[in-house]
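The values are calculated or read from the model by the stated rules, or taken from the named source; none is laboratory data. Keep in mind that what you see is a predicted model, and the values were worked out from it rather than measured. FYI the Cβ positions are ideal-geometry reconstructions off the backbone, even for glycines, and counts take in every protein chain you see. When the accessible area is computed, the model is the full protein with side chains, heavy atoms only, and any ligands, DNA or RNA have been set aside. Shrake-Rupley method; radii C 1.70, N 1.55, O 1.52, S 1.80 Å.
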Amino acid sequence: MRAIWKGAVSFGLVSIGVKVYSATEEKDIRFHQVHREDGGRIRYKRTCSVCGEEVTYDDIAKGYDLGGGEMVILTDEDFAELPLSTSHAIDVLEFVPAEQVDPILYNKAYFLEPEGTATKPYVLLRDALTDSERVAIVKVALRQREQLATLRVREGVLLLNTMLWPDEIRQPDFGFLDEDLKVRPPELAMASSLIDSMAGEFEPDAFTDDYRAALQEVIDAKVEGREVVQPEEEEAAPAAAVDLMAALKASVERARAARGETPSGGGAEPTPISSARSAKKTAAKKTPAKKAEPAKKATPAKKTAAKKTAAKKAEPAKKTAAKKTAAKKKTA
């Protein structure tokens, strides 16, 4: 890495010499504009719109448009007179809890490296910040612009995060903010359930720039002269939900299935998919059983066997009746 700025962190009466390095880099694939026929680079000339002459960088100044065709021209001498007292210093203004800084204010990040004999006070400030669980609010001038910033610790290094000024944050002005929209408690509960089912620990390395990877593949194929393979199309985004509650329930079940979890039982509300399965089972139970086929008529042989069986059963009954009759006669 190459240092882009040198200065000092002013921490009370302590001054810590530091070098500033860009902490981030863009990985976008960049292209040049070229002539389609021969691949020649397209160049742009700096020409004056009044005289039409080509202008060098030394003859270029900054102009502020007043409107109506009027322009105020500022030179390097004009900028040199501006009161940038922090041009070579990072002034610590105060220490605040990190959660009080709205992330929308953050702009760019820079690593700070101690310079020369400043290692010990550097480590002192780093450890003190870690123990306090706060961030330092500072002012710094980078590239001729005074900026608000924070100092915090990341992986044992002081990290400078430049911030936007409050008046650089736009205020949202949308019509729906004035509408009286009500969210039903069951919908809110199901949305919370969906959030819980998709909860996890943030691991940045788990996410990749699929578009950049596919574009690099196309470039590599062009270089190697091989056939370009089209990347797989991603699953189309679902259409707008008509039934919000049903969509939330289905989303919860899909998220749980993606995690390999079984649908929750007990008193949990059924999802549209589980409800459909239950309905099929219920319908199967309610379907009347097939009517029993009518008994086939007995054949003559079967009829004869039945008569004999009945006759055998009747004989003991006749004997018993005869005995009873004889007993009655004797008694008489």
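When residues of segment 67-90 are filtered for being more than 26 Å from SER22 (Cβ to Cβ) and either in contact with a strand residue (DSSP E or B) (Cβ under 9 Å, 6 or more places away or on another chain) or open to solvent by 100 Å² or more (accessible area, probe 1.4 Å) (or both), how many remain?
Residues in segment 67-90 being more than 26 Å from SER22 (Cβ to Cβ) and either in contact with a strand residue (DSSP E or B) (Cβ under 9 Å, 6 or more places away or on another chain) or open to solvent by 100 Å² or more (accessible area, probe 1.4 Å) (or both): 10 in total.
When the residues of segment 210-240 are filtered to those that are open to solvent by less than 70 Å² (accessible area, probe 1.4 Å) and part of a loop (DSSP other than H, G, I, E, B), which remaining residue is modelled with the lowest pLDDT?
Ranking the candidates gives VAL228 first.
Is it the case, given these coordinates, that ASP59 is in contact (Cβ under 8 Å) with a residue 40 or more places away in the chain and out of contact with any strand residue (DSSP E or B) (no Cβ under 8 Å at 6 or more places or on another chain)?
no
Scan (1) modelled with pLDDT of 90 or more; (2) in a loop (DSSP other than H, G, I, E, B); (3) open to solvent by 100 Å² or more (accessible area, probe 1.4 Å) for the single condition CYS51 breaks and write down its number.
The single condition CYS51 does not satisfy is (3).
Of the numbered conditions (1) in a helix (DSSP H, G or I); (2) open to solvent by 100 Å² or more (accessible area, probe 1.4 Å); (3) aliphatic (A, V, I, L, M), LEU181 fails exactly one; give the number of that condition.
(1)
When segment 141-175 is examined, which residues are found to be of a type in the set (A, V, I, L, M) and within 29 Å of GLU113 (Cβ to Cβ)?
Hits for segment 141-175 are ALA141, LEU142, LEU148, ALA149, LEU151, VAL153, VAL157, LEU158, LEU159, LEU160, MET163, LEU164.
Looking at ASP28 and the list (1) over 25 Å from ALA213 (Cα atoms); (2) touching a helix residue (DSSP H, G or I) at 6+ places or on another chain (Cβ under 9 Å); (3) open to solvent by 90 Å² or more (accessible area, probe 1.4 Å), which single condition is not satisfied?
(1)
LEU93 passes all but one of (1) open to solvent by 40 Å² or more (accessible area, probe 1.4 Å); (2) modelled with pLDDT under 90; (3) among the aliphatic types (A, V, I, L, M); which number fails?
LEU93 satisfies all of (1) open to solvent by 40 Å² or more (accessible area, probe 1.4 Å); (2) modelled with pLDDT under 90; (3) among the aliphatic types (A, V, I, L, M) except (2).
Could you check segment 112-143 and list, in sequence order, the residues that are of a type in the set (Asp, Glu) and either in a helix (DSSP H, G or I) or within 16 Å of ALA3 (Cβ to Cβ) (or both)?
Once the filter is applied, which keeps residues that are of a type in the set (Asp, Glu) and either in a helix (DSSP H, G or I) or within 16 Å of ALA3 (Cβ to Cβ) (or both), segment 112-143 yields GLU113, GLU115, ASP127, ASP131.
Let's see how each residue does on (1) of a type in the set (Asp, Glu); (2) closer than 18 Å to GLY12 by Cα:
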site	(1), (2)
PHE95	no, yes
ALA98	no, no
TYR110	no, no
LYS120	no, yes
ALA128	no, yes
VAL135	no, yes
LYS139	no, yes
GLU146	yes, no
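Identify all residues within segment 193-209 that are of a type outside the set (Asp, Glu) and in a helix (DSSP H, G or I); write none if there are none.
SER193, LEU194, ILE195, SER197, PRO204, ALA206
Only one residue in TYR110, TYR106, TYR64 is among the aromatic types (Phe, Trp, Tyr) and either in contact with a helix residue (DSSP H, G or I) (Cβ under 6 Å, 6 or more places away or on another chain) or open to solvent by 80 Å² or more (accessible area, probe 1.4 Å) (or both). Which one?
None of the other options fit; the residue is TYR64.
What residue, of ALA23, ALA8, is farther than 30 Å from GLU217 by Cβ and in contact (Cβ under 8 Å) with a residue 60 or more places away in the chain?
Within the list ALA23, ALA8, the selection yields ALA8.
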